[in-house]
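Below you'll find the structure, written out as structure tokens, and then a few comments.
The values are calculated or read from the model by the stated rules, or taken from the named source; none is laboratory data. What you see is a predicted model; the values in this text were computed from it and never measured. Note: ideal-geometry Cβ built from the backbone for every residue, glycine included; neighbour counts use all protein chains shown.
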Amino acid sequence: MRVFLFLVGLTAAISFAESNRPIEEVLVVAKQPGPKLWRITNGNNELWILGVMSPLPEDLVWDSSSVEAVLADAEEFIAQPGVGVSANPLKLLWVAPTLFGVQKIPDKKKLVDILPPDLYQRWTELKAIYIGRDKGIERHRPIIAADKLFKAALEDSGLTRSSAIHRAIDKLVKTHKIPKTRTSVVRRIKSPRAAVKKFKKSQIKDIDCFRKTIERIEVDLQVMQTRATAWAEGNLQALRALPYEDQNAACIQAVLSSSFADELADELDLVDVETLLEQNWLNAAANALETKTVSFATLPIEELLDPDGYVAGLATRGYGVNQ
């Protein structure tokens, strides 16, 4: 499962065509149901799970009636797992001046100085299509530049990573005053100024992240559009059949393998974090199935389709799985 890392209030999230012409936009105007809910059972107790996905059509109008029906009776909402790293808000006032340059390549270098010539040429061609003349981005670290290019390519193709689905669910949870169980791992940085300085000087081996992002834009945009439409229509057969490429794993690994991340992981006890996240979520789900008549959760759709994913972990624990 992809682990989403973000520094709350400190720095930006590290998340993340065979033709050289932008492809036609995806337009989803009518209300779309999305995939059916997974139903996990323990006797009369039920945990309903919605598989969410990114990117999705920007103009998607989601028919949330099935989720609304479950949330009307839900006694608990299990939030999607992730990793949060935060800093004391008062200390951030002193950190602000040092944030300038945190996205830039160290030693005043540019992308042309660190990328292989063939990769830089491919970047230049895609940048001209989706970003245009932006000299400033040439000084951004590859992982940051790649993410901005990917976002621009999605927008040009009628897709978006921002999740109206999550916002709609959060609103329903608040409306029904459903208790929320968080499964994320959150740690606090004691010295944010020192962390920012270390990150600015840190060498990150993110060329592989950059290359995989370029490749995905070059060949996977059409598939992303098809996959997004399949999600909107609730077509699980198509979702299972479509290849799923994700450059985020390479990008996250680039950050996690840096000396900065090694020090931060030790300081914040984030070693083997994926196992910890899985256990947090499975324990929360099991507790809901044992103590609540109806509960609700969200997980990435690829996690639900994974035969070795979180839902498989619930089946191993003896719970019924229906889809």
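The residues of segment 118-142 that are of a type in the set (Lys, Arg) and exposed (fewer than 11 other Cβ atoms within 10 Å of the Cβ), listed by number, are ARG133, LYS135.
Could you tell me which of the residues ILE217, ILE165 is more than 30 Å from ASN280 (Cα to Cα) and either among the hydroxyl-bearing types (Ser, Thr, Tyr) or modelled with pLDDT of 85 or more (or both)? Step through it out loud before you land on a result.
Values: ILE165 fails: more than 30 Å from ASN280 (Cα to Cα).
Every option except ILE217 fails the conditions.
Only one entry of LEU27, LEU92 meets the criterion of being part of a loop (DSSP other than H, G, I, E, B) and modelled with pLDDT under 60, and that entry is LEU27.
Inspect segment 98-114 for any residue being in a helix (DSSP H, G or I), at pLDDT below 75 and out of contact with any strand residue (DSSP E or B) (no Cβ under 9 Å at 6 or more places or on another chain) and give the result as yes or no. Within segment 98-114, one or more residues are in a helix (DSSP H, G or I), at pLDDT below 75 and out of contact with any strand residue (DSSP E or B) (no Cβ under 9 Å at 6 or more places or on another chain).
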